[in-house]
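Accompanying notes for the structure given below.
The values are calculated or read from the model by the stated rules, or taken from the named source; none is laboratory data. Only a predicted model underlies this, so the values are computations on that prediction, with no experimental measurement involved. Here the Cβ positions follow ideal geometry from the backbone for every residue, glycine too, while neighbour counts run over all protein chains shown. Side chains are part of the model used for accessible areas, which takes the heavy atoms of the whole protein and leaves out ligands, DNA and RNA. Shrake-Rupley method; radii C 1.70, N 1.55, O 1.52, S 1.80 Å.
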Protein chains: 2
Amino acid sequence: MLQIVGIGPGEKKHWTYAAYEAIAGAELIVGYRTYLALVKPYFPEKTYLESGMRDEEARCRAAITEAAAGKKVVLVCSGDSGIYGLASLVYELLAEMGEELEVAVIPGVTAALSGSALLGAPVAHDSCLISLSDQMTPWETIEKRLIAAATGDFVIALYNPSSHERPEHLKRACELLLRYRSPETVCGIAAKIGRDGEWAKVLTLQELRDAEVDMQTTVFIGNSETKEWDGKMVTPRGYFSK
Amino acid sequence: MLQIVGIGPGEKKHWTYAAYEAIAGAELIVGYRTYLALVKPYFPEKTYLESGMRDEEARCRAAITEAAAGKKVVLVCSGDSGIYGLASLVYELLAEMGEELEVAVIPGVTAALSGSALLGAPVAHDSCLISLSDQMTPWETIEKRLIAAATGDFVIALYNPSSHERPEHLKRACELLLRYRSPETVCGIAAKIGRDGEWAKVLTLQELRDAEVDMQTTVFIGNSETKEWDGKMVTPRGYFSK
């Protein structure tokens, strides 16, 4: 059996009980080494199969092969196991390999939720989750989605807003959004969520355009109703505008 | 101190440790009675303040008042505390009341994640979360967002797809989406997630238009790449189309 487990942003406090129990019952724990480093302190005696950042396919194939051989395998994802996680790739590989396997997907707290909680309550109404990584999605598709999200007046959570290889992505996204949304739109940055050095900051879309962020950051763009109150970023549900 | 806690879809296995600890340390637990029924079995000795379904504002005011008086109060939400939860309303009320209060938002597994896990991995790529409830959002705004989500080729998770008072909302939404998306678009229904009688079903957008759903259901519309494999709804991440 293969269980694909989302452990949330980091610290055990954001794990679900189902995530803990799946890992506790596993014979082999597979994952990216940075995420496994969050798991090992609780299960030092377990067997681990670590891989590097870009080895997702090999990681999933190894997990499938070991599970098909009869082991209880857990594949660890940070955040949720589905949203930009590995559940989808496992199902794709199973279809390709013609492998029949019992698979369970254990959801976890994704950064749109944990970052939102840290900032206040920005993702409180209709929202879009968009990754700015163009590794597997053409930049034109990302731009099309940014424009759709802007015209639909959604709250937007941006995953992978920047990296060493593409430091300009957030700036390009903000410049595009600024064609449709006010420069005063309330935005937020949440970084190292649930880990040492966690921080959050509220700022305007204009300011966000020139902000420096890294891969450990999730960025939030408010809708036209989003406010800053006392340092918190809050999107009203509409109770007072009925 | 007031903690706003998301407990996920239902059973304790989807609670986070932070959610459990917040409730365990509370002197007063406030919430909608259906959600409190999920909490009470674990904390039968605690003090509860229950309210009915449409009493969100009164519920939040009571929680604020008790916390301001010095009690450790937990306000329980199903799913996440932010996404269509009460965190935003609490901050709005604090701004209105001019009350200063230490507030913590504890995120939880929202239905877009738990329903996705049950169906396979539909919400694996860029996605939109849209509520079909027009209690506080004009239907025209909901339609605008549905069109934006369809033109952006997002995976869509629909919250509150139907109710006794508005049985036609899902059909109207599907008819709108069918103008932009293929009738063969892979869709999914997840119901009573994490509770007794949980079920999930994969079907086409054409079939979804005539499906009967209730308030305990979350509906998923795939993007143009979403597949059905062996009864599972899966949106590829793009590993095989690079």
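Legend: residues in segment B:208-238 shielded by at least 50 square angstrom of accessible surface upon adding the remaining protein chains to the isolated chain (1.4 Å probe, heavy atoms) are B:229, B:237. Inter-chain neighbour count for A:85-98: the average number of beta-carbon atoms from partner chains within 10 Å of each residue's beta-carbon is 6. A simple charge model with +1 on the Cβ of Lys and Arg, -1 on the Cβ of Asp and Glu and nothing else charged puts the dipole of segment A:1-138 at about 520 debye relative to its Cα centre.
Other protein chain C-beta atoms within 10 Å of residue C-beta, averaged over B:19-30: 1. Per-residue Karplus couplings for segment A:54-66, computed as 6.51 cos²θ - 1.76 cosθ + 1.60 with θ equal to phi - 60°, are listed in order as 9, 9, 4, 5, 4, 4, 5, 4, 5, 5, 5, 4, 5 Hz, Gly and Pro entered as x. Ordered by 1.4 Å accessible area with all protein chains kept, A:56, B:21 run largest first as B:21, A:56. Accessible area per residue was computed with a 1.4 Å probe on protein heavy atoms; residue A:103 scores about 30 Å². Going through the cross-link list B:40/B:192; B:12/B:40; A:232/B:40, which pairs have a Cα-Cα distance over 21 Å in this structure? Over 21 Å Cα-Cα: A:232/B:40.
What's the angle, to the nearest 10 degrees (0 to 90), between helix A:87-97's Cα axis and the longest principal axis of chain A? So the inclination is approximately 50 degrees.
Over all other residues within a Cβ to Cβ distance under 14 Å of residue B:191, the charged ones net out to -1, with Lys and Arg as +1 and Asp and Glu as -1.
Interface residues of segment B:136-165, defined as a loss of at least 10 Å² in heavy-atom accessible area between the chain alone and the complex of all protein chains with a 1.4 Å probe, are B:136, B:137, B:144, B:145, B:148, B:151, B:152, B:153, B:154. Each copy carries a label point for residue B:101 at 7 Å from Cα toward Cβ; from one copy, the others' points are 4.8 nm away, ordered from shortest.
Put A:125, B:164 in order of accessible area, highest first, and with a 1.4 Å probe you get B:164, A:125. Computed from Cα atoms, the angle from the helix B:139-151 axis to the main principal axis of chain B rounds to 50 degrees. Value of Rg to Rh for chain B, rounded to two decimals, is 1.01; Kirkwood radius and Rg both from alpha-carbon coordinates.
As a test of the definition: with a 1.4 Å probe, what buried accessible area, both sides summed, do you compute for B against A, in Å² to the nearest 100? Don't skip to the answer; put the middle values down first.
Values: alone 12320 and 12320 Å², together 18620 Å².
Adding both sides of the contact gives about 6000 Å².
Computed from label points 7 Å out along Cα-Cβ, the spacing between residue B:195 and residue B:214 is 0.9 nm.
Each of A:81, A:146, A:121 was scored by the projection of its Cα onto the charge dipole of segment A:50-146, and the greatest displacement toward the positive side belongs to A:121; charges sit on the C-beta of Lys, Arg, Asp and Glu. Based on C-alpha pairs under 8 angstrom that are at least 6 apart in sequence, chain B has a relative contact order of 20 percent.
Counting only the heavy atoms of the protein chains, how much of residue B:239 is accessible to a 1.4 Å probe, in Å² to the nearest 10? Its heavy atoms expose roughly 30 Å² to the probe.
May I ask you to derive the FRET efficiency for residue A:101 and residue B:206 from their Cβ-Cβ distance with R0 = 35 Å, giving the value to the nearest 0.05?
Values: r = 31 Å, r/R0 = 0.88.
After rounding, the FRET efficiency stands at 0.70.
Shown in residue order for segment B:68-79 are the 3J(HN,Hα) couplings computed by the Karplus curve 6.51 cos²θ - 1.76 cosθ + 1.60 at θ = phi - 60°: 5, 7, x, 7, 7, 10, 10, 9, 8, 10, 7, x Hz (x for Gly and Pro).
The accessible area of residue B:53, taken with all protein chains in place and a 1.4 Å probe, comes to roughly 80 Å². Solvent-accessible area of chain A (1.4 angstrom probe, protein heavy atoms only): carbon and sulfur portion equals 46 percent. Derived scalar couplings between HN and Hα for segment A:14-22 equal 9, 6, 8, 4, 4, 5, 4, 5, 4 Hz in order, rounded to whole Hz, by the Karplus curve 6.51 cos²θ - 1.76 cosθ + 1.60 (θ = phi - 60°), x for Gly and Pro.
Largest accessible area first, the listed residues B:71, A:72 line up as A:72, B:71 when surface is computed with a 1.4 Å probe on the assembled protein chains. The local environment of residue A:112, defined by Cβ-Cβ distances under 13 Å, has a net charge of -4 under the rule Lys, Arg +1 and Asp, Glu -1.
Note on residue B:227: lysines with a C-alpha under 16 Å away, same-chain residues under 8 apart excluded, are B:201.
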